[in-house]
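Quick note: the coordinates plus some simple rules give every number you see, no bench work behind them. What you see is a predicted model; the values in this text were computed from it and never measured. With ideal geometry, Cβ positions are generated from the backbone for all residues, glycine too; neighbour counts draw on all protein chains shown.
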Amino acid sequence: MPASSRPTPRVVLDTNLVLSALVFGGGTHGALRQGWQQGRFIPLVSSVTTAELIRVLAYPKFKLTPAEQEELLADYLPWCTSVRIPDPPPATPKYRDPYDQPFLQLAVAGKASFLVTGDADLHELADEFGCAIVSAAGFLEAVGAA
């Protein structure tokens, strides 16, 4: 199938990757940002993952004003598709870190093709999870956005 006729991948990006793409840019993280802005993939968000991003952008160590935080969110959220997580949430593999569970649930509920993360523990679930769990570099290579 020609690249132009392939469906646009639906993707869950972990908060650390989104944060790095928005605040630091450059390299792989900058390529992620360009990828979502160019429509090479569709980032998926839920109310929980969006709330986490908002909370992390407000960390004092980033020294971002409320206006800067809003501007960064405006460079991400308009490109995203919001997914409602059902109650009860979809079944996912048992995982030790409860803070990562919403990303697994989002991937299932949103029918994601990829869960992109730098978390090595999440990568250990790759064989038992319904979508590919990959690094940012591996994801960019897979979608031809490297």
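A convex hull fitted to the Cα coordinates of the chain yields 117 cubic angstrom per residue.
From the square roots a ≥ b ≥ c of the eigenvalues of the alpha-carbon gyration tensor of region 1-62, which class results: rounded (a/c under 1.5), prolate (a/b over b/c), or oblate? Walk me through the intermediate numbers first.
Details: a/c = 3.97, a/b = 1.73, b/c = 2.30.
Note, shape of region 1-62 comes out oblate.
Annotation note: trypsin sites (Lys or Arg not before Pro) in region 1-69 located in DSSP loop regions with a Cβ neighbour count of at most 11 within 10 Å are LYS63. Taking each residue as 0.36 nm, the span from HIS123 to GLN34 lengthens on full extension beyond its C-alpha to C-alpha distance by 29.6 nm.
Give me the number: length gained by fully extending ASP97 to ALA74, i.e. 0.36 nm times residue separation minus the C-alpha to C-alpha distance, one decimal in nm.
Working: separation 23, 0.36 × 23 = 8.28 nm, distance 2.89 nm.
Full extension of this stretch gives 5.4 nm more.
Cα centroids of region 122-137 and region 16-52: 18 Å apart. The charge dipole of the chain, taken about its Cα centre with unit charges on the Cβ of Lys, Arg, Asp and Glu (plus for the first two, minus for the last two), comes to roughly 320 debye.
Among ALA126, ALA112, ALA31, the largest mean-square fluctuation in a Gaussian network model of the chain (Cα springs under 10 Å) belongs to ALA126. Counted by neighbouring Cβ atoms within 10 Å, the residues PHE103, PHE41, PHE24, PHE62 run from fewest to most as PHE24, PHE62, PHE41, PHE103.
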